[in-house]
Amino acid sequence: MAQDTVFTPDVRFVRELKKAGGDTLKKCYQCATCSVVCPLSPDDKPFPRKEMLMAQWGLKDELIKSSDIWLCHNCNDCSKYCPRGAKPGDVLAILRKSVIQENAFPRFMGKLVGDPNNIWQALAIPVVLFLVILGATGHLHIPEGEVVFSKFFPVEFIDGVFVPLSGLAVLMFAISISRFWKNMTAGSSMKPKAEFMPSLVETLKEIMTHAKFKKCDENKDRSVAHVLVFYGFIGLAITTGWAVFNLYILQWELPYAVDEHALSIFGGSAAAAWAYKIIFKLFANASALMLLAGGFLVIKNRLKERAVETTTSSFDWLFASIVLLVGVTGFLAQVMRVTGFPAVLAYATYFIHLVLVFYIIIYVPYSKLAHFVYRTAAITWTKMLKRDVEM
Amino acid sequence: MSVETILVVGGGISGITTAVEAAEVGYNTVLVEKSPYLGGRVAQLSKYFPKLCPPYCGLEMNFRRIKPNPKITVYTTTEVESVSGQEGNYSVRLKINPRYVNEKCTSCNACAEACPSERPNEFNFGMDKTKAAYLPHVMSYPMRYVIDRNACKDKSCDKCVKACIYNAIDLNMKPQTVDIKVGSIVYATGWNPYDATKMDNLGYGRIKNVITNMMLERLASPNGPTGGKLLRPSDKKEVKKVVFVQCAGSRDENHLNYCSAICCMASLKHATYFRERIADSKVLIAYIDLRAPGKYEEFLVKVQSDPNVTMVKGKVARIEEDPATGDVILEFEDIEGGGKRHERADMAVLATGMEPSVKVDSLLSFEENGFIIGGKAAGICSTGVAKRPSDVTTSIQDATGAALKSIQSLVRS
C-alpha cells in the first residue's frame, strides 16, 4: 500500500503563469466552491479546484496532460463565487495557453505567437514576405484606375503563399496535437469505456450547438458572441473554398464580371450568372458580418466582465482584437472598393487585411484559435472515459 | 477634574462585564442597551463555552452583581443620540424609547393574555410569535414586560391597560432624552448574524429547512420555539440527519472577508446537541479548515471520535430543496478524494458569521473589516465582538481590560 508519489514543483512555471495573467492563483485556499458551482464540472474528480492546487505547486507535467482544463468554457461562474478572488476561470485560461505553447512545434513558433510581447515580430513576418513578393514581381505600386484588388496583389500570389503555408501549418498542428493526445491519454489513470469515433461525433455535435457553452449561468452573452464568431469563421472558410472553386474550376475571375465567359458557364443565362454572383456575395458578406458582430460582442463582454470577475489575459485580448480587425479590415476594404475611396487607402486596408488573415490561418497551431482542436480532442477523450457531464 | 463616570454602550456579556468590573472598584458606570433586556447574543444561546452551561447561569451571576450596586445605572430601550467633549468630560445625550410598561410591572402575564395582537418573535429569529405585550425572554433583566406599539393593530385598543391590576401600563409614554456627563466611553456594541439571504447559492430564506447557527441555538433552548426539541421548520419532523455548512459567508471577500472565529466551535457544539438528544442522529460537518484553538482541540477530538459525526473537507457551495419531502440536498467536493457529493439531509445549518452592529459613527475609527478600533479621540475604546470576532471567554477577558482602560482615562484627565 505504501507508495511514494514524488512531485517536482516547477517554480519557474508558477512564475510564468502569474506573469501571463494568473497572478491570483496563490490566493486560492482550496474550499472547492468552484468545483461545485461549475456547471461543466463532472462529479468524479471535478475541476477546477485540483487544477488550482496543481498550479500553485507548479505541477507542470500534470497540467500539460490535463483534459479537464479544456472542459472549462471560461463562464466564470467559479470566479464569481470564489471567496478569495483567486479567479479560477482566468487561471485555467492561462493554463490552456501554456499547454498550446508547450505542445507547439516548432517550439519557437509557440513563443513567437504565444507571448503577446512578440506581436510585432509575428506581424512582421507576413508584412516582409508580402512586400518581398510584391517587389520581386514588380507589383509594389498603387495600380491605376478602378480599384481591383487582384491588380494590386494577384490571386495566384495569394494562393501561392497561403496554400503551401497552410499545408505546413496543418502538418505542424498535427504534430502538436498528436503529442498532446499522447500525453493526455497516457497520463490518465482511467481507461476509456467508449470508442473514439462516436465520442468525436458527439463532441462535434455539442460544439455545433454550443450545448456546453449554454450551460454557463454567469455570462450567458458569451455563448452568443462565440456562436457568431464560430459560424462567421466557418462561413468565411466556405467562402474561401467557393472562391477557389470559382477561380480554378469555373475559371471565373474576380470581380466576377458577367461577360461572355460567365455566360458560357451559365448556359447563356445572364440572370443565372447574376443570381450565382449575388448569392455568393450575400453568403460571404453574411459570414463577414457574423464575424464582425461576434468579434465586437466578444470584446464588449470582456470589457464588461473585466471589472467584476475576470481579467482577460493579454493572450486572449490579442486574439479577440485580431479577429475583430480581420472583420473590420475585410469589410472596409470591400466598402472602399465599391464606393470609390482613394485607391491608396483601399489597397492599404486590403494589405493589412491580408496580413491579419495570415496571422489567423498560418499561426493557428500557436494562437488562441488552436483551442478549437485542443478542446475537441480533450472533450472527445472525456467522452471516451464517460466522465463528461450530461448535456 | 474628570467626571468620575464611565459610559458603556451595549448591554451584552462584554458591556455587562465592563460595567460591573469598573463599578466594583468604585467608579460610576452607565450601561446603555438598545433592546428591552440585558444579555445580548449570549442570552439567545442554548449552551455556551467553555463549560457548556446554559447562559442564564453566567448572566444571572452578573445580574446579581448589577442589581444591588448603586454605582451602576442601567438604561434599556435606550440609544446614544449624541456625544461631544473630550476625555474626562464628555457630554452624552441618551434617548430612552418608550417601553409603555413602568417599574410597577410584576410580570404576571395578564397583559399578554388580554392582548389581541401578535408580532414575530425576534428573540427566536422569527420562528414563533409573541403577543404585542410580551416579556422578551424568561430571564429578562429588567424583569418587565414591553409593548410593541408597531404590532398593536388597533391603536385605540387598551385591553392590556385594563388587564393590568398594578397600573404598570402607560400607552401614552413618550420618548425621553437624558443628558449625562461621563469621563470615558466603552463601545461594546456587539454583532449581528450575517444576513444569510445574501448567499443566493445556499438557499436560506427560499428553502425552509436551511437555518442559521443562531436559529439552531434557539431551537435547542428549553425556552425556544420548540421547547428545546430539534424539529425542522417545514414539517416539525425530528432531525435525524443534519449538515453543517461552515464558513457560510465568512472568509469570503464577497461577504465577510474575515474568519468569524466562533463558527467552528459553535458547529462542534451543535453536533453534540443532536448527538445527545437524538440517539441515531447523523451529523456531517463540511468545512474548509477546522479552527479549534488551544484547549478547544480537546473538544474537537471528542466530537470527532463519535462515529455518527462525519467531517468532510470541502465547502458547501449549493443547496437545493427536494420539494416532495422538504429534504435539503447539499453539494460539495470531498477534497480528500471523494469527488463531488450530493448529500441529502433533513436540515442544513449555515454557520453564519458575525457582522459588527455599529458600522458608521463619526466618533469612531474602524478597521478594514468594519470592527471598531476605538475612538478618534482619547477616552473612547471598544471591546468584545464590536472590536473583533471572538468567543464569550475572550470577550469577557477583553471587557475586563476595557474596564481598566476606561478607568485610566478618568484618572489621566
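Based on DSSP H runs of at least 4 residues, each adding -39500 (n - 2.57), what is the mean residue ellipticity at 222 nm of the protein assembly as shown after dividing by all its residues, to the nearest 500 deg cm²/dmol?
Numbers: 25 runs with 337 residues, N = 804.
Computed ellipticity for the protein assembly as shown at 222 nm equals -13500 deg cm²/dmol.
Past 28 Å, Cα to Cα, is the threshold; run B:34/B:237; B:237/B:315; A:191/A:220; A:50/B:295 against it and keep the listed order.
Values: B:34/B:237 36 Å; B:237/B:315 26 Å; A:191/A:220 34 Å; A:50/B:295 33 Å.
Cα-Cα > 28 Å for B:34/B:237; A:191/A:220; A:50/B:295; rest within.
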Choice from A:108, A:13, A:331 with maximal GNM fluctuation in chain A (Cα, 10 Å cutoff) = A:108
Which distance in Å, rounded to a whole number, links the C-alpha centroids of region A:190-217 and region A:315-359?
-> 35
Is there a simple number for the mean count of other chain Cβ atoms within 10 Å of the Cβ of residues in A:39-49, and what is it?
-> 2
Relative contact order for region B:195-353 using alpha-carbon pairs under 8 Å, separation at least 6, rounded to a whole percent?
-> 30
For chain A, return all DSSP H helices satisfying: extent of Cα atoms along own axis at least 30 Å; mean Kyte-Doolittle hydropathy at least 1.0.
-> A:155-187, A:221-244, A:314-338
Taking the Cβ of residue B:50 as the centre, find all other residues whose Cβ is under 9 Å away and add up their charges (Lys, Arg: +1; Asp, Glu: -1).
-> +1
The local net charge around residue A:216, scoring Lys/Arg +1 and Asp/Glu -1 for residues other than residue A:216 whose Cβ lies under 9 Å from its Cβ, equals +2
So what is the relative contact order of region A:285-391, in percent, for Cα pairs below 8 Å that sit 6 or more residues apart?
-> 23
Which GluC sites (Glu not before Pro) from region A:167-232 combine a DSSP loop assignment with at most 11 other Cβ atoms within 10 Å?
-> A:195
Global form of chain B, assessed from the alpha-carbon gyration tensor, a/c cut-off 1.5 | oblate
Rounded if a/c is under 1.5, else prolate if a/b beats b/c, else oblate: with a ≥ b ≥ c from the C-alpha gyration tensor eigenvalues square-rooted, which is region B:262-341?
-> oblate
Checking B:253, B:79, B:343 against a Gaussian network model of chain B (alpha-carbon springs below 10 Å), the top fluctuating residue turns out to be B:253
Could you let me know the centre-to-centre spacing of region B:313-329 and region B:51-92, using Cα atoms, in angstrom?
-> 43
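Kindly identify region B:195-353 as rounded, prolate or oblate by the Cα gyration tensor criterion: order the square roots of the eigenvalues as a ≥ b ≥ c, call it rounded if a/c is under 1.5, otherwise compare a/b with b/c, prolate if a/b is larger, else oblate. Don't skip to the answer; put the middle values down first.
Details: a/c = 1.27, a/b = 1.07, b/c = 1.19.
Taking the square roots of the gyration eigenvalues as a ≥ b ≥ c, region B:195-353 is rounded.
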Summed residue charge, Cβ within 14 Å of residue B:336's Cβ, Lys/Arg positive, Asp/Glu negative = +4
Please identify every one of the trypsin sites (Lys or Arg not before Pro) in region A:141-204 that sits in a loop by DSSP and has no more than 11 other beta carbons within 10 Å of its own beta carbon.
-> A:193
Would you mind pulling out the separation of the Cα centroids of region B:275-309 and region B:93-107, in Å?
-> 44
Sites matching trypsin sites (Lys or Arg not before Pro) across region B:166-271 that sit in DSSP coil, with at most 14 neighbouring C-beta atoms within 10 Å | B:206, B:236
Could you check which residue among A:356, A:25, A:171 shows the biggest mean-square fluctuation in a GNM of chain A with a 10 Å Cα cutoff?
-> A:171
Partner chain Cβ atoms within 10 Å, averaged over the residues of B:307-320 - can you pull that number for me?
-> 3
Rounding to the nearest 20 debye, state how big the charge dipole of the protein assembly as shown is about its Cα centre with +1 on each Lys and Arg Cβ and -1 on each Asp and Glu Cβ.
-> 1460
Partnerless cysteines, meaning none of the other Cys C-beta atoms lie under 4.7 Å away, in chain A | A:28, A:31, A:38, A:72, A:82
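Here, each number is a calculation from the coordinates, and none is a lab measurement. Predicted model only: the values in this text are computed from it and were never measured. No Cβ is skipped: glycine too gets one built from the backbone with ideal geometry, and neighbour counts run over all protein chains shown.
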